[in-house]
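Data block below; observations after.
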Amino acid sequence: MYFRSSAVGLLRSLFFGNVRCYAGVYQKNSHLKPATATIETVKAKLAMNIIPTVEEWKNIRTNILSERSFNNTNVDSVVLGLCPNLRIGKSYIDYLHQQGLKINLAIAGKLLRLYRLKEDQVNEEDEADIWRIYSDLRVQNPILDAYTCEHAINALTLTKHWKHSLELLEMIKISGTPDSSSYNCIAAKSFMSGDESIGWKMLCEMCINKRIPNDDCFLAWLDYSRRKDQIFSNNLQRMLQFTSDHSVFLSKRVGKALLSLPKELGISAHETRITDNGKCSHCKGSLSSIVVPQEMFQELRDKFIEAVFIRKEIFNRTTPEELKRFQSFLSKTIPYDVVIDGLNVAFSSGNQKNPAVYSQQVAAVVRHYVRQKKRVLVIGRQHMDKWRSKEMKYIRENSFLFLTEDLSHDDPFLLHAALESGPNTDFFSRDLMRKHSFMLGDHLSVVFKRWQQEHQYSLLSVLSDGRVMIKSPFKYELYAHKSCDNRWHVPLVENGYRIPKVEKQNDWLCMSIK
């Protein structure tokens, strides 16, 4: 094969003279990206899947070199990164060889990663090439930078040498956290190779590090479980319980594999829908209600101020005086049935309107709860005091109103008030509260999200007659769980590794496991 004598040989011969022997020389750099127009032009050309001629490769290289910040050191790595598959990538390597151009560490890394994009199955010859390229890299670079490690892991896990990826994973940890791709490649290959202990270790570790497992991991586990002389249902339930414990969604692709399982495995899976009241349309059973235990709620309430308002003795959401004033206000007015984010409601229909419209929005929501004889607290900012209208007069007379300084963040006040008021208090806002969840740390973040899911309401619209359309929370388990009689309810998303926000899904599986 020509490539083996040219590209691989070139890598072997040039590494010894042209690559510096330490990690990090050619790491990714966010500003080293071609302009959008250039990227789109090159992508469109290469997406045609026709191998460019020597002249066309020259033009592509020249166009990118014409962009600011690019030079002969980094341009070839950029071009190779834009190649859609291994065949096109090898063509570019051959072009570099013909031009007598040098191959550096970044190019070798990008080339390795392209083996995962090979159009057909990796064969023995490909495996030998991967091992040669990797071996030459390690001869000259005992310690590789994180990005080259990631590229190498993607390639090595296609071969019988996949366990060398574990060393590379540890190498990445020296300077940071491995990416999802590295973990997923190793986990899937572990299951495919029958090494379930390494596979599950990778899955657990990636979730701890806030990396998301992809379809290949779960499909590899299902395939491995069917091959082994084990009780398949136990392995399936292990996988489902893992997704529940780590708040991971399965994709529709995995759902399709579950639906196609043969009945002799003791699995009966059906597509279903779940009502807003938590009822399964297939089995007519109910999902488990989401519950935040009293002791966990108490811990969240006790640590909220320190975690969100005060960090390392710096009041980054308010001032000590304002927080003291707010706590004094709470002590005199608690408890509340609902706490409303006034500005969030006011601007829910846009922020280019008359203040009278803003106050009408807030008053409509307050009126909705007052009619239900609820105790209402509205959190706002001091500039709302200038909204002189009968609606603001109604708000002041029928609810408690606390206005923060205009430069203060009002979300922490809203959440603090709701938590201090007790486990039965709801809050009203469209904000996803992600930054506050993050600031609470891993353990309390999970508790916060469950409490948020149970108690957060938001405004959909205010009708012409003043009535409000409100989005109520889905107060049932969002993730796969077993409700009764060994029956699992499993939500499915379009892509399990790309979830824009956590909310009730439309598509579910109802599974009976014997």
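The values are calculated or read from the model by the stated rules, or taken from the named source; none is laboratory data. Being a predicted model, the structure only gives us computed values, none of them experimental. Here the Cβ positions follow ideal geometry from the backbone for every residue, glycine too, while neighbour counts run over all protein chains shown. Each accessible area value is taken on the protein alone, full model and side chains, heavy atoms only, with ligands, DNA and RNA left out. Shrake-Rupley method; radii C 1.70, N 1.55, O 1.52, S 1.80 Å.
Can we say I88 is in contact (Cβ under 8 Å) with a residue 60 or more places away in the chain, out of contact with any strand residue (DSSP E or B) (no Cβ under 7 Å at 6 or more places or on another chain), β-branched (V, I, T) and assigned to a helix (DSSP H, G or I)? So that I can check it myself, show each step before the final result.
Numbers: in contact (Cβ under 8 Å) with a residue 60 or more places away in the chain: no; out of contact with any strand residue (DSSP E or B) (no Cβ under 7 Å at 6 or more places or on another chain): yes; β-branched (V, I, T): yes; assigned to a helix (DSSP H, G or I): yes.
No; evaluated as a whole, the condition is false for this residue.
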| said: Would you confirm, using the coordinates I've provided, whether E295 is of a type in the set (D, E) and closer than 30 Å to A220 by Cβ? | reply: no
| said: If I filter region 31-50 for residues that are in a loop (DSSP other than H, G, I, E, B) and modelled with pLDDT of 90 or more, do I get at least one hit? | reply: yes
| said: Cβ contacts < 6 Å: first residue over 14 Å from R132 (Cα atoms) and without any contact (Cβ under 8 Å) to a residue 60 or more places away in the chain, restricted to region 153-182; second residue in a loop (DSSP other than H, G, I, E, B) and open to solvent by 40 Å² or more (accessible area, probe 1.4 Å), any location; separation 6+ or different chain. Result? | reply: T177/N209
| said: Under 8 Å between Cβ atoms, which residue pairs at least 6 apart in sequence (or on different chains) link something in region 456-476 that is without any contact (Cβ under 8 Å) to a residue 60 or more places away in the chain and assigned to a loop (DSSP other than H, G, I, E, B) with a partner that is among the aliphatic types (A, V, I, L, M) and exposed (fewer than 15 other Cβ atoms within 10 Å of the Cβ)? | reply: L463/M469
| field | Single unsatisfied condition, A480 versus (1) surrounded by fewer than 19 Cβ atoms within 10 Å (Cβ to Cβ); (2) farther than 28 Å from M384 by Cα; (3) touching a residue at least 12 places away in the same chain (Cβ under 8 Å) | value | (1)
| message | Tell me yes or no: at least one residue of region 491-504 is buried (at least 18 other Cβ atoms within 10 Å of the Cβ), closer than 16 Å to V345 by Cβ and not hydroxyl-bearing (S, T, Y). | response | no
| remark: Reported set for region 269-285 where residues are polar (S, T, N, Q) and under 28 Å from the mean Cα position of the chain (by Cα) is T272, T275, N277
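Would you check if there is a residue in region 340-349 being of a type in the set (G, A, S) and over 20 Å from S461 (Cβ atoms)?
We begin by selecting, within region 340-349, every residue of a type in the set (G, A, S); these are 342, 346, 348-349.
Keeping just the survivors that are over 20 Å from S461 (Cβ atoms) gives none.
So far as region 340-349 goes, no, none of its residues is of a type in the set (G, A, S) and over 20 Å from S461 (Cβ atoms).
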| query | Considering only helices (runs of 4 or more DSSP H) fully contained in region 385-449, which possess at least 2 residues that are surrounded by 17 or more Cβ atoms within 10 Å (Cβ to Cβ), in contact (Cβ under 8 Å) with a residue 12 or more places away in the chain and touching a His at 6+ places or on another chain (Cβ under 9 Å)? | reply | 410-421
| request: State all residues of region 372-384 that are free of Cβ contacts under 8 Å to residues at least 40 places away in the same chain and open to solvent by 10 Å² or more (accessible area, probe 1.4 Å); if no residue qualifies, say none. | output: Q372, K373, K374, R381, Q382, H383
| field | Tally, over region 105-139, of residues that are closer than 23 Å to Y95 by Cβ and not aliphatic (A, V, I, L, M) | value | 14
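Mind counting the residues in region 123-162 that are part of a loop (DSSP other than H, G, I, E, B), open to solvent by 30 Å² or more (accessible area, probe 1.4 Å) and in contact with a Leu (Cβ under 9 Å, 6 or more places away or on another chain)?
First, pick out the residues of region 123-162 that are part of a loop (DSSP other than H, G, I, E, B): 123, 141-145, 157-162.
So of that shortlist, the ones also open to solvent by 30 Å² or more (accessible area, probe 1.4 Å) come out as 123, 142-143, 158, 160-161.
With in contact with a Leu (Cβ under 9 Å, 6 or more places away or on another chain) added as a condition, the list becomes none.
Summing the residues that are part of a loop (DSSP other than H, G, I, E, B), open to solvent by 30 Å² or more (accessible area, probe 1.4 Å) and in contact with a Leu (Cβ under 9 Å, 6 or more places away or on another chain) in region 123-162 gives 0.
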| Among all residue pairs at least 6 apart or on different chains, which show Cβ distances below 6 Å where the first residue, located in region 219-244, is in contact (Cβ under 8 Å) with a residue 60 or more places away in the chain and hydrophobic (A, V, I, L, M, F, W, C) and the second is buried (at least 17 other Cβ atoms within 10 Å of the Cβ) and part of a loop (DSSP other than H, G, I, E, B)? | L240/A480
